[in-house]
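The values are calculated or read from the model by the stated rules, or taken from the named source; none is laboratory data. The structure presented is a predicted model; accordingly, all values stated were derived computationally and were not measured. Note that we place each Cβ from the backbone using ideal geometry, even for glycine, and neighbour counts take in every protein chain shown. For the accessible areas, the whole protein counts, side chains as well, though only heavy atoms, and no ligand, DNA or RNA atoms are used. Shrake-Rupley method; radii C 1.70, N 1.55, O 1.52, S 1.80 Å.
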Amino acid sequence: MTSLRVYIIRRILLSIPMLLILLSVVFVVLRVAGDPVSAMLGGHAPISEIERIRKQLGLDKPLYIQYLNYLMNLAHFDLGRSMIWGQRPVLDEILEHFPATLELSISAFTFSILLGVFTGVFSARRRNKPADHAIRLYGIITYSIFIPWFGLVLQLIFGVYLGWLPISGRSDPRMAPEIITGLYVLDSILTMNLPGLIDSIRHLILPTVTLGIYLSGIYTRLTRTHMIDILQSDFIRAARARGLPERTIIYKHALKNAFIPILTMMGLQFALLLAGAVLTETTFSWPGMGYFLYERISYRDFTTIQGTIVFIATLIVLISLIVDIIYVYIDPRIRY
Amino acid sequence: MISDLLRIEGLRVYYYTRDGVVMAVDNVDLFMKKGETIGLVGESGSGKSTLGRAILRLVPPPGRIISGKIVFDGLNLTELSEEEMRKIRGKRISMVFQDPMTSLDPLMKIGDHIVETIMAHETLTREEAEEKAIKLLEQVGIRSERFMDYPHQFSGGMRQRVGIALALALNPDLVIADEPTSSLDVIVQFQILDLMKELKNLYGMGMILITHDISIIPGIADKVALMYAGQLVEFADAKSFFNEPLHPYGKALLESIPNIQHSDQKLKYIPGNPPDLINPPKGCRFSPRCPYATEKCREEEPPTIMVGHHRLVKCFQY
């Protein structure tokens, strides 16, 4: 296990230059795009006022000084303050919006994997039959779906025509649970608030289905391909010859082996999940990081955008590290 | 007839491929008594493995059993439901596979393979099954500490020992060993064959030993079933077969075994290629490669003839 520890430390150290590069690119691109003061004040503000605010935000200094200052602060884990309105610390704003994104991500991720794996196994067992062709088509269509459009369709059907489900927000303000973790479903359970729980779940359904279906296509295809491969392998034939029940063969032997590439994809998909979350959140006015980032981009709030991107990138690095560690527990052949 | 453990009659197994119908097993009859060992010999593509798998009804698609009977201890296996068949697999008829490197689940501990097999067929507690599994592993020469190890931590020979323990886990009446030693090196091959002989004497089960290597047959098999191009061409007890094979293919095979006492001799081989089983040759399938072939052999399919006591040969010469 000590070699695993060495591996983890090495991975973390390696991710530092990666984050640095990402950060520098974002820093430059943002400043090329325009400046926050004119976005804030509009086109008709007096020049003296613009100059005053630019000075206050430190935007009057040369670019490299701004850059070095930013890095220095980051080294102390200080993401700075927002450039607009109350100029709140960026980290506070991120932490305020993160639970909403986390809740949606967990829910959509779980939904997509269950749906993808189930349809993939189903398809593999009926290879080249009509159900298999239908599911393969499903895999291609969902992978190329455009989230805002799909979300809109679901909103129309289930929210407007049928009136079954709410189409925006995380909860009815009258029923919002007391905040403990920021995950409304969990908070409702912790405070034993049943109406709040039902309400939070109802709000979660459409965004989850939208994002979940979009993400599930790739798992469907991946599970199908690997299950077909593995179902033809020698050890599955041997398991059949030992008279094991079909369920054991499919789920205990075949799926567990097919799960290794699925796990790899889960790690890779995480970035896509967050990107999808941005679109889903804006479509459903879900007050998470994506919604927040989208809003702040239109204000050119440099520090907040940079901070959010560093936060998301760090998250992605951490997730892929966790996936690598999970491998060790699933596949006894992998040792670091 | 009553003492027959297995009786195969008129078995046909075809593969429906895109290029055509492959007649992998074409009208094969075979019978064996309880506790007997049959060496099923033939070159690659002769249908011997398909025959072995057909007995367990595990012919991979696009293959199908087309016709014929497989009567095992009075039960016609071709008529059983899938669930009835599952109960026979592993418990009454088991299989040892060719490649021990790939026939174990890489993510499962060695011991769990055996425990799982036992528990699929018998109502035992996990502890009882584990105890039994440890005994089995020791019997095939694997120390009990290795119970918790994974397949990749074993060598090929050791894995094949696990494969044998798995096949014997439920004390079956028949073991089908499909090229059990072909992927092992020569020394390990002999160790495994010795182990199989020893365990066969201990358990008294019947065995079908499928192999392309005719030289491993003497000393282990009671009978030899020789397959060529999906058909059984000779079926004889091992002694008489090795003394005097009747079918020209058998003769040619025995002559092609290298003899180290006469190392200056040129290695003999059978000229020509195995036939295409989608369009097999007309008449006797061996006729294009047979030194004794006549016009009749090329036109008509020879009948299977009983020679002496229980000896079958499919050739016009007899």
Quiz item: So which residues in the stretch A:240-254 are open to solvent by less than 30 Å² (accessible area, probe 1.4 Å) and more than 7 Å from every other protein chain (Cβ to nearest Cβ)?
Solution: A:Ile249, A:Ile250, A:Ala254
Practice problem: Read through the list (1) under 30 Å from A:Val185 (Cα atoms); (2) open to solvent by less than 80 Å² (accessible area, probe 1.4 Å); (3) assigned to a helix (DSSP H, G or I); (4) of a type in the set (A, V, I, L, M, F, W, C), then give the number of the only condition that A:Ile53 fails. | Solution: (1)
Quiz item: Which one of the conditions (1) under 27 Å from A:Asn257 (Cα atoms); (2) open to solvent by 10 Å² or more (accessible area, probe 1.4 Å); (3) under 15 Å from the mean Cα position of the chain (by Cα) does B:Pro62 fail to meet, given that it meets all the rest?
Solution: (3)
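Select, from A:Ile147, A:Ile140, A:Ile157, A:Ile189, the only residue that is buried (at least 18 other Cβ atoms within 10 Å of the Cβ) and more than 22 Å from A:Glu93 (Cα to Cα). Show your work before the answer.
On the way: A:Ile140 fails: buried (at least 18 other Cβ atoms within 10 Å of the Cβ); A:Ile157 fails: buried (at least 18 other Cβ atoms within 10 Å of the Cβ); A:Ile189 fails: buried (at least 18 other Cβ atoms within 10 Å of the Cβ).
Result of the check over A:Ile147, A:Ile140, A:Ile157, A:Ile189: A:Ile147.
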Quiz item: Quick one: in the stretch A:278-336, which of the residues that are crowded, with 20+ Cβ neighbours inside 10 Å and outside any helix (DSSP H, G or I) is farthest from the other protein chains (Cβ to nearest Cβ)?
Solution: A:Arg300
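Would you check if A:Leu231 is open to solvent by 10 Å² or more (accessible area, probe 1.4 Å), within 14 Å of another protein chain (Cβ to nearest Cβ), in contact with a helix residue (DSSP H, G or I) (Cβ under 9 Å, 6 or more places away or on another chain) and touching a residue at least 24 places away in the same chain (Cβ under 8 Å)?
Values: open to solvent by 10 Å² or more (accessible area, probe 1.4 Å): yes; within 14 Å of another protein chain (Cβ to nearest Cβ): yes; in contact with a helix residue (DSSP H, G or I) (Cβ under 9 Å, 6 or more places away or on another chain): yes; touching a residue at least 24 places away in the same chain (Cβ under 8 Å): yes.
So A:Leu231 passes the test.
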Quiz item: Name the pairs whose Cβ atoms lie under 6 Å apart, with the first residue in the stretch A:75-103 and free of Cβ contacts under 8 Å to residues at least 40 places away in the same chain, the second surrounded by 15 or more Cβ atoms within 10 Å (Cβ to Cβ) and assigned to a strand (DSSP E or B), and 6 or more positions between them or separate chains?
Solution: A:Gln87/A:Arg81; A:Pro89/A:Arg81
Quiz item: Has the stretch A:66-83 got any residue that is surrounded by 14 or more Cβ atoms within 10 Å (Cβ to Cβ), touching a strand residue (DSSP E or B) at 6+ places or on another chain (Cβ under 6 Å) and within 23 Å of A:Phe311 (Cα to Cα)?
Solution: yes
Quiz item: B:Glu82 fails exactly one of the following numbered conditions: (1) facing chain A (nearest Cβ under 9 Å); (2) in contact (Cβ under 8 Å) with a residue 12 or more places away in the chain. What is the number of that condition?
Solution: (2)
Quiz item: B:Thr181 versus (1) assigned to a helix (DSSP H, G or I); (2) more than 12 Å from every other protein chain (Cβ to nearest Cβ): which is the lone unmet condition?
Solution: (1)
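Could you say which residue among A:Phe118, A:Phe111 is in contact with a helix residue (DSSP H, G or I) (Cβ under 8 Å, 6 or more places away or on another chain) and either surrounded by fewer than 13 Cβ atoms within 10 Å (Cβ to Cβ) or assigned by TED's automatic domain parsing to the domain that holds A:Leu255 (or both)? Outline the logic, then answer.
On the way: A:Phe118 fails: in contact with a helix residue (DSSP H, G or I) (Cβ under 8 Å, 6 or more places away or on another chain).
Only one candidate passes the filter, namely A:Phe111.
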Practice problem: Collect the residues in the stretch A:17-49 that are more than 26 Å from the chain's Cα centre (by Cα), without any contact (Cβ under 8 Å) to a residue 40 or more places away in the chain and open to solvent by 40 Å² or more (accessible area, probe 1.4 Å), keeping them in residue-number order. | Solution: A:Val32, A:Ser38, A:Leu41, A:Gly43, A:His44, A:Pro46, A:Ile47, A:Ser48, A:Glu49
Practice problem: Looking at (1) open to solvent by less than 30 Å² (accessible area, probe 1.4 Å); (2) β-branched (Val, Ile, Thr); (3) out of contact with any helix residue (DSSP H, G or I) (no Cβ under 7 Å at 6 or more places or on another chain), find the lone condition where B:Thr17 falls short. | Solution: (1)
